[in-house]
1. Can you give me the relative contact order of the stretch 1-446 as a percent, contacts being Cα pairs under 8 Å and 6 or more apart?
2. Evaluate 2.2 N^0.38 Å with N set to the residue count of the chain, then give the Cα radius of gyration divided by it.
3. Relative contact order for the stretch 593-736: what percent, with Cα pairs under 8 Å and sequence separation of 6 or more?
4. Write down the percent of antiparallel bridges among all DSSP beta bridges whose residues are both part of the chain, to the nearest 5.
5. Filter Lys312/Lys381; Lys327/Lys381; Lys65/Lys423; Lys393/Lys665; Lys285/Lys308; Lys665/Lys701 down to the pairs with a C-alpha to C-alpha distance above 24 Å, please.
6. Need one number for the stretch 74-135: average projected area of the convex hull over its C-alpha atoms, nm².
7. How big is the gap, in Å, between the Cα center of the stretch 362-434 and the Cα center of the stretch 156-182?
8. Suppose all protein chains stay in the model; what accessible area per residue would a 1.4 Å probe give for the chain, in Å²?
Amino acid sequence: QVLEMFDHAYQNYMDHAYPADELMPLTCRGRVRGLEPSRGDVDDALGKFSLTLIDTMDTLAVLNKPVEFEEAVRRVLRDVRLDNDIVVSVFETNIRVLGGLLGGHSMALMLRDGGRYMPWYQDELLSMAKELGLRLLPAFNTSSGLPYPRINLKHGLHSPESRTGTETDTCTACAGTMILEFAALSRFTGEPVFEAHARRALDFLWEKRQRNSNLVGTTINIHTGDWVRRDSGVGAGIDSYYEYLLKAYILLGDDSYLERFNTHYSSIMKYISQPPLLLDVHIHKPLLNARTWMDSLLAFFPGLQVLKGDIKPAIETHEMLYQVIKKHNFLPEAFTTDFRVHWGQHPLRPEFAESTYFLYKATGDPYYLETGKTILENLNKFARVPCGFAAMKDVRTGSHEDRMDSFFLAEMFKYLFLLFADKEDLLFDMDHYLFTTEAHLLPLSLSTCNHTGPRRNTTAQELLDLADLDDSNFDWSCPNTQGLFPNNPAFARSIREPIQNAVDKSCPRPGPRGDSGPQPPLRARDFMANSPEQLELLRRMGVSLIHLKDGRVQLVQHATQADSAVDAEDGLRFMQEMIELSSQQQKEQLPPRAVQIISHPFFGRVVLTAGPAQFGLDLFKSSVGARGSVALTEPFSGCSEVTNPDLLAGRIALVQRGQCMFAEKARSIQRAGAIGGIVIDDNEGSSSDTAPLFQMAGDGKSTDDITIPLLFLFNKEGKIILDALREYREVEVLLSDRARDRGEREGRVQRGGGAAV
């Protein structure tokens, strides 16, 4: 099953996207930087160097596809250029492209030396890796040795054409996740300059640690070494710095890396680890939590704890993450300490699968095979689309985002395949290789070849001194897992069960929605612009409401117009709450609705993020949705009497934003017999990727007469439906609170075609 899923993703990239960097699986085309709307820092990984192909090369070898691997190598050598005039992330280019080239080189050597494949290979990928390494080296030209976060592949840093080189800050992981790739490049080529620069950056970060807590911050000034962000955790911004300290010791054999890792790890377990949680703290006040939520990147940490040999906390944290996944199908990009969604996105990250693989290797517990099966099933059920696998825009609704990052092919399928593989399924012995943070394979033999830097081995006396300070058996060796799990799966189960109970207690599975009890009068979250009673309360508080032409409402308070001083204070409190609520909705994008295309050839696999209305059928409070074929309203604005009611009857009407209030559009299509409506933004290029969703407001009058559901799509998502309608005569959609599988669609939702919903 893993192989079939990989083929589906890889072949769609090759068919629809190559030589572009990444596949856009909803629109079945390649993502070319500069031709698509900018996504900000996310696009810094794209360098017009066929990123996904390079990132996927060694996955082909791991998945026992030597013929496809050889073909991929030939394509990279023939088609890829590394001198493009483009600004890229030094960190992402290192782990994905340099790591991909080195992993491909390692696999090519393995296959060539085996005598059956690639006799023609003469280190061509290594030559490309060296070229790229030389193009990245100028980034390290700082007084601290910490690299600039970005570089122009063609022009470097400081020339007028480079368009970069003015940055002052970088993340700790960005500067501290270079040593494996750069040291491997030095060991493979015999040129010490790469390892020396990466080592200098690590040395500087170690010197800048907070000496009392032995923790590092998240962001650092590359020129002064001052911490810009002083919060510390094991997730985004720091994660792979810790990973590379331990793995540098494993790959390179230098004891100082292990000493540093153990020092940091002791502080992590003392301050950040609050089993089963891992919460950020302040480096100067490590007993003070810096935030009350966790990000999904920390899911790698149980796997790192397995390498460390600390199995019990690895089981605890992994189980907590698994229970969150069971609630939401995927791990949200961020979630709170009571395991609720903080940020709803999920870009198909592989870190949880990585930790699952390592825990299974350490314990042999079949529980982790079942965990892997759950990952597979959720990917197929919720993320699979006709042209690949689409990232989740919001795990609460199942809506999709038009992206399939290269790490999905580089890491996810590699770890899942290895989780289920028997020894005979593999071309080579995995124990001879180390995974980079992007799951690229570097041979452990590098520790003994072309050693390029000073090496200091810990003396026996130093080991005795360390033993006096800390008698933990986990500091210098991994425990025998057979001793921890002596044919007794109850041991691991006894660790997991309390975690399961804690998550269930804090975050029960969603049940029927109902009244949540009495609330203080007119709280911002309860405000409805179409309620006469609430409008009167606003007037008493000196708050006036202005309806804008685009359907939004604007609130303005004049304290002098309030009925009393007490009312004025209530009005001020209400406005403050409304500002906070608006800010929160922009961050969390409020609970969105879903438009799911269920007709051929989509079959429910394309889900678009939609905004709700404050009137009509609330799909979030109802177990039923509106299902029917879509039809264009004439006139498209829906602001005057509909001229094609026969076509709209029993269908989902498409209308364009603008010219009148949203409620007026809903009434027009409802009179024409439509069973639901979709408002498409008229602002060219707008997208839920870049703009926060909002609720379509009423018109200040009673909207009790509107009974059909109305959803809002930004321009980019709306065009997907319009393009489908142009290509296929019938396009059937489901309007709902979330994506639904086939059984739910057929069993719980009535079809259109005249049927009332």
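1. On the way: 832 pairs, mean separation 78.4, N = 446.
Taking the mean separation of contacting Cα pairs over the length of the stretch 1-446, I get 18 percent.
2. Rg over 2.2 N^0.38 Å, computed on Cα atoms: 1.03.
3. 36 percent
4. Details: 52 of 65 bridges.
DSSP beta bridges in the chain are roughly 80 percent antiparallel.
5. Lys312/Lys381; Lys393/Lys665; Lys285/Lys308
6. Numbers: hull surface 17.1 nm².
Value for the stretch 74-135: 4.3 nm².
7. One Cα centre to the other: 31 Å.
8. Numbers: 30700 Å² over 757 residues.
Each residue of the chain exposes 41 Å² on average to a 1.4 Å probe.
The values are calculated or read from the model by the stated rules, or taken from the named source; none is laboratory data. Just so it is clear, the model here is predicted, and its values are computed rather than measured. Reconstructed Cβ throughout: ideal geometry from the backbone, glycine too, with neighbour counts over all protein chains shown. To get the accessible areas, we keep the full protein, side chains included, count just its heavy atoms, and leave off ligands, DNA and RNA. Shrake-Rupley method; radii C 1.70, N 1.55, O 1.52, S 1.80 Å.
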